[in-house]
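The values are calculated or read from the model by the stated rules, or taken from the named source; none is laboratory data. None of these values were measured; they are calculated from a predicted model. Here the Cβ is made from the backbone with ideal geometry for all residues, glycine too, and neighbour counts use every protein chain on show.
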C-alpha cells in the first residue's frame, strides 16, 4: 500500500505539472503585459522550469518504490514533500485559497508522506 501511495503521489504531481504548464500558456501569458520582451521570455522560462521540476519529482516518486535503497526512498520522499508543500503553501497564500492548485499539491504531499 505504501508503494501505491507513492506512485499515486507521483502521478498526481505529473498531472499537476502538466495542468500548471498548460494553464500558464493558455490563461496567464496571453493576459499579461511584460516589457521588455526578453523579460517576458524569462518569465515564461521560469514558469515552465517549475513545470519540468514537478514532472521530475513525480517521476522520482513513481520510481522510489522500485529502488532497492531505503535511504534513497527516504530522501526522495522528504525532499519532494518539502518542495510540494512549499508550492502548496505559496499557492494558497498568494491566491488566498481561491485556486485549486494548493489542494492538488497538498494531496501530493499527503500521499507521499503516507507512502513513506
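Overview of values
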| item | result |
| --- | --- |
| Failed item in (1) modelled with pLDDT under 95; (2) surrounded by fewer than 14 Cβ atoms within 10 Å (Cβ to Cβ), with residue 78 passing the rest | (1) |
| Residue match in segment 94-105 (condition: closer than 20 Å to residue 3 by Cα and out of contact with any strand residue (DSSP E or B) (no Cβ under 6 Å at 6 or more places or on another chain)) | yes |
| Filtered residue count, segment 4-18, keeping only those that are over 10 Å from the mean Cα position of the chain (by Cα) and farther than 9 Å from residue 61 by Cα | 2 |
| Residue 46 vs. criteria on the phi < 0 side of the Ramachandran plot and surrounded by 13 or more Cβ atoms within 10 Å (Cβ to Cβ) | no |
| Qualifying residue in segment 96-103 (condition: without any contact (Cβ under 8 Å) to a residue 12 or more places away in the chain, part of a helix (DSSP H, G or I), within 10 Å of the chain's Cα centre (by Cα) and surrounded by fewer than 20 Cβ atoms within 10 Å (Cβ to Cβ)) | no |
| Per-region count, segment 49-75, residues loosely packed, with under 13 Cβ neighbours inside 10 Å and in contact (Cβ under 8 Å) with a residue 40 or more places away in the chain | 1 |
| Residue match in segment 20-38 (condition: within 20 Å of residue 111 (Cα to Cα), surrounded by 15 or more Cβ atoms within 10 Å (Cβ to Cβ), modelled with pLDDT of 90 or more and touching a helix residue (DSSP H, G or I) at 6+ places or on another chain (Cβ under 8 Å)) | yes |
